[in-house]
Amino acid sequence: MNWRLILAACVMAVSAEPIIYFREQFEDGDEWQKRWVESKNKSDYGKWQLTAGKFFGDPEKDKGIQTTQDWKNYALSARFEPISNENQTLVIQFTVKHEQAIDCGGGYVKIYPADINQEQINSESVYCIMFGPDICGTIHEKVHVIFSYKEKYHLITKNITCKHDELTHLYTLVIRPNNTYTVKIDNEVVANGTLEDDWDFLLPRQIIDENATKPADWDDRVQIEDPDAQRPEDWDEREFIPDPESKQPRDWDSSMDGEWEPPMIPNSKYTGIWKPKIIDNPNYQGEWTQPYIDNPDYVPDDTLYRYDELGVIGLDLWQVKSGTIFDNFLITNDEELAETIGNETWGETREPESKMKTIQDEERDAKDEKKQRWKKLEQELAKLDEMERQEKERKSKLRKTLRKQYGLDPSPEQAQLPQPPPPPKDEL
């Protein structure tokens, strides 16, 4: 009996069962403070509060923890039972709401090893995974996906743009045991691929052969002279010829004046220097580049995805302008379950939240005297544009009526009304 095969089958059977390792929705008053630990590594970390924010879809479901102090570092974490994602999918999901119209600050989470001291978590603490949005101005708007591998941090080589508005957005990272991944925002795929291709965990599979040289017979000439071309027999390349009508002067003394030569004149039959025509090189091999060879130092790793003991989720952030709300934290081994939970939480409140914000924006604008003046100006300008349009249309109709009245409707070939004849001159 092959016990290894039986054990492997058991592992796969267990891994197929949906498991929620960690979930936090902040719906139980102040109880969240018992589960989340503030770091004591520094005395001036920013404070948090439980709130649904200024606008929301549901006052209870949308409650989350919010940063409350500007120009602060934040360090908050929660523990869960240690897990290994060996032979299992790992899904990390949460919502972020930058209702303060963030200009510079992080909105990401970090997953730490289970043995970390939560009260000493700081920006230098070793983490396993970092995932989520990071914004600084309009130039830096990206989703971080950073993995720790062999004591080094590896950033994703793709550029994933995050959402930069004041609404709540759902961020999901899926890591699979076949070393593939997916990043989703609002349950829509924004990036996917393989861990080996999109991170620099491993040395490249192939490298340039530095010892290779271009072969002596390598033909990189794109075009060549036609080797079959022949100069026509009557082709005359002489630009100047001796004057055939010139004669040696009678008093020419060869002994004293040298051998007489007729003067040169332009050749009337001169056709230029003959050159064969240029044709595409049939033997063209392209530009030579040094070839790639297998990298002798490359070592494959089928376990890039794996972490042996994860146990803490944390928010280690810097924010210039506070007000970000985090909610709906989820760590599971089932991506379909994560999508379902995302639709049942963020998905159900996104539209009501957007409507409430729109109403608040309109009410705020209504109280803003300057904005109201601008709004009235825009309305008056729109009225003026409409008046000009109507006047232009009225004049166009009047012109057509006059042309018809005088029997001068323009034919398709007649673009303009003919000019009337000049009035007769008065006779003396």
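The values are calculated or read from the model by the stated rules, or taken from the named source; none is laboratory data. The structure displayed is predicted, hence computed values, not measured ones. We place every Cβ from the backbone using ideal geometry, glycine too, and count neighbours over all the protein chains shown. What goes into the accessible areas is simple: the full protein's heavy atoms, side chains included, and nothing from ligands, DNA or RNA. Shrake-Rupley method; radii C 1.70, N 1.55, O 1.52, S 1.80 Å.
Note on the range 293-411: Rg/Rh from Cα positions, Kirkwood definition for Rh, rounded to two decimals, is 1.38. Express the Stokes-Einstein translational diffusion coefficient of the range 111-211 in µm² s⁻¹, to the nearest whole number, given a Kirkwood radius over alpha-carbon pairs, 10 °C and a viscosity of 1.306 mPa s. Diffusion coefficient, whole number: 102 µm²/s.
Over 14 Å apart: what share of the alpha carbon pairs of the range 56-130 falls there, rounded to a whole percent?
Tail of the P(r) past 14 Å holds 71 percent of the pairs.
Distance from the alpha carbon centroid of the range 361-412 to that of the range 146-221 works out to 55 angstrom.
In a DSSP loop and with at most 10 other Cβ atoms within 10 Å, the trypsin sites (Lys or Arg not before Pro) in the range 135-219 are K150.
Inter-part distance, the range 316-343 to the range 15-88, computed on C-alpha centroids, equals 9 Å. Converting phi to 3J(HN,Hα) with the Karplus coefficients 6.51, -1.76 and 1.60 and the offset θ = phi - 60°, the range 94-105 yields 6, 10, 10, 10, 8, 6, 8, 6, 4, 9, 7, x Hz in sequence order, with x at every glycine or proline. Rolling a 1.4 Å probe across all protein chains gives S254 an accessible area of roughly 70 Å².
Pairs of alpha-carbon atoms within less than 8 angstrom and 6+ residues apart define the contacts here; what relative contact order does the chain have, in percent?
After rounding, I find 26 percent.
A straight Cα-to-Cα reach below 24 Å connects K247 with the lysines K269, residues fewer than 8 places away in its own chain not being considered. Treating the chain as a set of equal point scatterers at the Cα positions, no solvent, please give the Debye-formula log₁₀ I(q)/I(0) at q = 0.12, 0.13 Å⁻¹. For the requested q values the scattering log ratios are -1.05, -1.16.
Surface listing: E335, E287 arranged by accessible area from highest to lowest gives E287, E335, probe 1.4 Å. Measuring only protein heavy atoms, the 1.4 Å probe finds T340 accessible over about 70 Å². You can think of it this way: the chain between V126 and Q33 has 31.1 nm of extra reach, that is 0.36 nm per residue less the Cα-Cα gap.
Proximity of backbone amide H atoms, modeled 1.01 Å from N, is registered between K40 and Q120, I121 at under 5 Å, excluding neighbours fewer than 5 places apart on the same chain. Measuring how big the range 120-175 is from its alpha-carbon positions, Rg and Dmax come out at 12.8, 38 Å. Rolling a 1.4 Å probe across the protein heavy atoms gives the range 109-227 an accessible surface of 53 Å² per residue. Per-residue Karplus couplings for the range 349-354, computed as 6.51 cos²θ - 1.76 cosθ + 1.60 with θ equal to phi - 60°, are listed in order as 10, 5, 5, x, 4, 4 Hz, Gly and Pro entered as x. The local environment of E378, defined by Cβ-Cβ distances under 11 Å, has a net charge of +3 under the rule Lys, Arg +1 and Asp, Glu -1. In this structure, the pairs whose alpha-carbon distance is over 30 Å, taken from K63/K375; K54/K371; K42/K152; K42/K150, are K63/K375.
Estimated from helical segments only, the mean residue ellipticity of the chain at 222 nm is -7000 deg cm²/dmol, where each DSSP H run of four or more residues counts as -39500 (n - 2.57).
Amide hydrogen proximity for I265: with H placed 1.01 Å from N in the peptide plane, the residues at 5 or more positions away or on another chain lying under 5 Å are I241, D243.
Note on L155 and A101: the extension gain reaches 16.8 nm, defined as 0.36 nm multiplied by sequence separation minus the Cα-Cα distance.
Counting only heavy atoms of the protein chains and using a 1.4 Å probe, L408 has close to 70 Å² of accessible surface.
Summarise the accessible area of the chain (1.4 Å probe, protein heavy atoms) by the percent that is carbon and sulfur. Ligands and nucleic acids excluded, carbon and sulfur reach 50 percent. Coupling constants for the range 355-365 follow from the phi torsions by the Karplus curve (6.51 cos²θ - 1.76 cosθ + 1.60, θ = phi - 60°), and in residue order they are 5, 4, 5, 4, 4, 4, 4, 5, 5, 5, 5 Hz; glycine and proline get x.
Exactly which trypsin sites (Lys or Arg not before Pro) in the range 35-113 are in a DSSP loop and have at most 15 other Cβ atoms within 10 Å?
For trypsin sites (Lys or Arg not before Pro) across the range 35-113 that sit outside H, G, I, E and B with at most 15 neighbouring Cβ atoms in 10 Å, the list reads K40, K42, K47, K54.
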